[in-house]
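J.: Take this structure, written in structure tokens, and hold onto it; I'll ask about it next.
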Amino acid sequence: MRSFSLFLGLAAVLSQPSFAQTKIQATDIVNHPFPVDFAPQGRLDLRVRSGDVRVVGTNHGTISVDLSGSRVDDARTRDLKIVFEKKGGNAEMRISGGPKSGLTITVRIPAKTDLRARIPFGEVVVENVSGNKDVSLHAGDLTVEVGDRASYSRVDASVFTGEVDAAAFDESHGGLFRSFHHAGQGKYRLQAHVGAGQVTLR
């Protein structure tokens, strides 16, 4: 009887994480803004369609998506879609569809978030995010606001073809297969990679 009670208790504990899982799908962000609760210190895996993308850290415990640009009204009719899935304190968000030009996607996240972002092509800016950062593009321009450079244990920035401008660390390299590495005493890691284009650490 005691073993059976222990089994029931274990089953109840194992079933609890399912309540922490949330999956949301959203469209028509123009008329229905997309905010979702997300506590600081979590990890966000962000995958966004090609284009102009901004990831901005805030003091709020939410993730939100804003659209702007000359073709923002077309985002409703061109099937721009957000799929957000939360698992415990971490989350994955995918943004797809919408007009191919004339649209800027701004993703606002808690500043203290570990960010992993993958965007195929475009112009991407990451600012005011103080956690670990791992951002990669196939081609385009990637700008990452470093903040306090003493907060990093390791920084790796690279391009296959193009330029690495690490002004925040007093370094700049152009040409083929350029990379920049920095080791420090902080606790965060920064990885920034572009296949063809430019990486700027400011």
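The values are calculated or read from the model by the stated rules, or taken from the named source; none is laboratory data. Computed from a prediction, not measured in an experiment: that's the story for all the values here. Virtual Cβ from ideal backbone geometry, glycine too; neighbours counted across all protein chains shown. Side chains included, ligands, DNA and RNA excluded: accessible areas come from the protein's heavy atoms. Shrake-Rupley method; radii C 1.70, N 1.55, O 1.52, S 1.80 Å.
J.: Does the range 97-104 include one or more residues that are open to solvent by less than 20 Å² (accessible area, probe 1.4 Å), of a type outside the set (A, V, I, L, M, F, W, C) and modelled with pLDDT under 95?
T.: For the range 97-104, residues open to solvent by less than 20 Å² (accessible area, probe 1.4 Å), of a type outside the set (A, V, I, L, M, F, W, C) and modelled with pLDDT under 95: present.
J.: Residues to consider are A111, A91; find the one that is out of contact with any Asp or Glu (no Cβ under 8 Å at 6 or more places or on another chain) and closer than 21 Å to I63 by Cα.
T.: A111
J.: Any residue in the range 84-96 that is under 24 Å from H32 (Cα atoms), in contact with a strand residue (DSSP E or B) (Cβ under 9 Å, 6 or more places away or on another chain), aromatic (F, W, Y) and at pLDDT 95 or above?
T.: Yes, some residue in the range 84-96 is under 24 Å from H32 (Cα atoms), in contact with a strand residue (DSSP E or B) (Cβ under 9 Å, 6 or more places away or on another chain), aromatic (F, W, Y) and at pLDDT 95 or above.
J.: If you check every pair at least six apart or on different chains, which have Cβ atoms under 7 Å apart with a residue in the range 25-49 that is farther than 12 Å from T62 by Cα first and a residue that is surrounded by fewer than 17 Cβ atoms within 10 Å (Cβ to Cβ) and of a type in the set (V, I, T) second?
T.: The qualifying pairs are Q25/V83.
J.: Check whether at least one residue in the range 109-125 is more than 27 Å from G195 (Cβ to Cβ) and open to solvent by 20 Å² or more (accessible area, probe 1.4 Å), and report yes or no.
T.: Yes, because at least one residue in the range 109-125 is more than 27 Å from G195 (Cβ to Cβ) and open to solvent by 20 Å² or more (accessible area, probe 1.4 Å).
J.: Please go through the range 2-55 and pick out each residue that is open to solvent by less than 90 Å² (accessible area, probe 1.4 Å), modelled with pLDDT under 50 and small (G, A, S).
T.: Within the range 2-55, S5, G9, A11, A12, S15, S18 meet the criteria.
J.: Residues in the range 145-202 that are among the hydrophobic types (A, V, I, L, M, F, W, C) and out of contact with any strand residue (DSSP E or B) (no Cβ under 8 Å at 6 or more places or on another chain): how many?
T.: Within the range 145-202, residues that are among the hydrophobic types (A, V, I, L, M, F, W, C) and out of contact with any strand residue (DSSP E or B) (no Cβ under 8 Å at 6 or more places or on another chain) number 1.
J.: Can you list residue pairs whose Cβ atoms sit under 6 Å apart, with the first residue in the range 58-74 being in a strand (DSSP E or B) and the second being open to solvent by 60 Å² or more (accessible area, probe 1.4 Å)? Count only pairs 6 or more apart in sequence or on different chains.
T.: Short answer, once both residue conditions are applied: T58/R108; T62/P35; T62/D37; S64/P35; S64/R108.
J.: For G174, all conditions in the list (1) open to solvent by 20 Å² or more (accessible area, probe 1.4 Å); (2) within 12 Å of the chain's Cα centre (by Cα); (3) of a type in the set (G, A, S) hold save one; what is the number of the exception?
T.: (2)
J.: Then there is this: Within the range 126-155, can you find the residues that are surrounded by fewer than 16 Cβ atoms within 10 Å (Cβ to Cβ), closer than 15 Å to Q191 by Cβ and of a type outside the set (G, A, S)?
T.: Of everything in the range 126-155, just one residue is surrounded by fewer than 16 Cβ atoms within 10 Å (Cβ to Cβ), closer than 15 Å to Q191 by Cβ and of a type outside the set (G, A, S), namely R154.
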